[in-house]
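The values are calculated or read from the model by the stated rules, or taken from the named source; none is laboratory data. Everything numeric here is computed off the predicted structure, so don't read it as measured data. Cβ atoms come from the backbone with ideal geometry, glycine included; neighbour counts cover every protein chain shown.
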Amino acid sequence: MDELDQLVPDVFARDCASRPVLEHVAGRWAILALAALREGTFRFNALRRRVDGVSEKMLAQTLQTLERDGFVHRRAEPTIPPKVEYSLTPLGEETADKLADLIEFVEARLPDVLAARQAYDEARAAHA
């Protein structure tokens, strides 16, 4: 029996390997990149335009991490200049679907969040 057969993930355990993976997929840029890639295959600059505000460096690092973890597939054609495209793997598709649900929930409940912020700020200001 190898080490993977004995693995019992527990994200609450300090040394569990699931923690860094959760950090990788739950980071701001990873969530947005995975959600954008649900729409289809993107070249790097098109994906960067879709994920407005991400720097070239951060997107490159994020995609590399997601590729290493098996969520994103990178396909490079040996042309001049090289043509590189990114798409989701089956694992990435499943993950992106779950993240899309979270995104939709947050967007739908944004008025509630904004109202809560305003109430919080007003209460803090009244006690200052």
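Here are the numbers for this structure:
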quantity	calculated
Flag if Val113 is more than 14 Å from the chain's Cα centre (by Cα) and touching a residue at least 40 places away in the same chain (Cβ under 8 Å)	no
Residue in the range 100-109 that is surrounded by 13 or more Cβ atoms within 10 Å (Cβ to Cβ) and acidic (Asp, Glu) present	no
Top-ranked residue of the range 16-38 - restricted to ones that are touching a residue at least 12 places away in the same chain (Cβ under 8 Å) and more than 8 Å from the chain's Cα centre (by Cα), ranked as nearest to Glu77 (Cα to Cα)	Leu37
Among (1) on the phi > 0 side of the Ramachandran plot; (2) surrounded by 12 or more Cβ atoms within 10 Å (Cβ to Cβ) - the single one Gly40 does not satisfy	(2)
Number of the condition not met by Ala33 [criteria: (1) surrounded by 18 or more Cβ atoms within 10 Å (Cβ to Cβ); (2) more than 27 Å from Ala17 (Cα to Cα)]	(2)
Qualifying residue in the range 78-96 (condition: in a helix (DSSP H, G or I) and surrounded by fewer than 11 Cβ atoms within 10 Å (Cβ to Cβ))	yes
The range 58-89, residues that are touching a Gly at 6+ places or on another chain (Cβ under 8 Å) and more than 15 Å from Phe42 (Cα to Cα)	Gly70
Residue that is within 29 Å of Phe12 (Cα to Cα), of a type outside the set (Asp, Glu) and out of contact with any strand residue (DSSP E or B) (no Cβ under 7 Å at 6 or more places or on another chain), where the choices are Leu32, Leu63, Leu88	Leu32
Positions within the range 39-58 being part of a helix (DSSP H, G or I) and either in contact (Cβ under 8 Å) with a residue 60 or more places away in the chain or closer than 11 Å to Tyr86 by Cα (or both), in sequence order	Phe44, Asn45, Ala46, Leu47
Residue match in the range 44-58 (condition: within 10 Å of the chain's Cα centre (by Cα), at pLDDT 95 or above and either within 22 Å of Leu102 (Cα to Cα) or not aliphatic (A, V, I, L, M) (or both))	no
Subset of the range 59-72 (residues that are buried (at least 17 other Cβ atoms within 10 Å of the Cβ) and either over 12 Å from the mean Cα position of the chain (by Cα) or in a loop (DSSP other than H, G, I, E, B) (or both))	Asp69, Phe71
